[in-house]
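Each remark here refers to the structure printed beneath this line.
Values quoted throughout were computed directly from the atomic coordinates according to the rules given, and no laboratory measurement underlies them. Bear in mind that the values here come from a model prediction, so they are computed numbers and not experimental data. With ideal geometry, Cβ positions are generated from the backbone for all residues, glycine too; neighbour counts draw on all protein chains shown.
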Amino acid sequence: MATTPRRFVHVPAPAHLVAALCCALAGEGRAAGGHFAVDDATVLDPGQCQVETWVERHAAAGTLTHVGPGCRAGPVELALNADHLRGESSTTLVGPQVKWVGAIDERMSVGVVALAGWSGHADRYANAALYAIGTVRLADGVWLHVNGGRDWYAELPPTSRAGVSLEWQATPAWSLIGEGYRQSGANVGRVGVRWQASSAVSIDLSRAWAGSTMIAPWWTAGVNWSFGPWSR
């Protein structure tokens, strides 16, 4: 499902600024999976749906909770991202996301993601993003994901976004994911693991850090559930 702007970048900023950014940096549907920020160029099967949830905790910025249901509708994947940031103050951002993907050949696919968010407090526009995505299968069980695009904010200048991710399916049940990306002027790295508990349920856990010694690393944990004609 559409993935992740997967994300919550913790930058030195007033609480209201972090809140304004949390939707754009948190909810992207199915990036390299769940909460990971770099999106992959895949979509759900026709008629299939998925719900992604995760919780991200940072000592200074607070706790971000994400719920993102989505379904395949014709050639695109449609999702609704809902993100709640609880820190010195509470902010909720909600908005739609659309993801389209096309195959170049059996090893490579490309696509585009568009999304927007509105503030739950003021019923007003908060952010939007448009970015291209690409995935290349480097070997059996190894994928490279690349993203690039633009973010727009209601109260801030627009910024570019870019990221690269390497995903390795070590066993049928376990995958390792490492990514580096830049959003809102912040450079972030993340490493994590995914456990495919069943054909329908996966669990993610990752550790992320920003390119500044002033910002403490943070953990994110998520659960993803897919259902539809092919789920068992």
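Across region 15-227, the volume of the C-alpha convex hull divided among the residues equals 108 Å³ per residue.
Computed FRET efficiency, Cβ-Cβ of Gln169 and Thr63, R0 25 Å: what is it to the nearest 0.05? Each step should come with its number before you reach the end.
Details: r = 30 Å, r/R0 = 1.21.
Calculated value: 0.25.
Look at the Cα gyration tensor of region 79-159: its axes a ≥ b ≥ c give a/c of at least 1.5 with a/b over b/c, and that counts as prolate. If we count every other residue with Cβ under 15 angstrom of Pro75's Cβ, Lys/Arg +1 and Asp/Glu -1, where does the sum land? Once positives and negatives cancel, what remains is 0.
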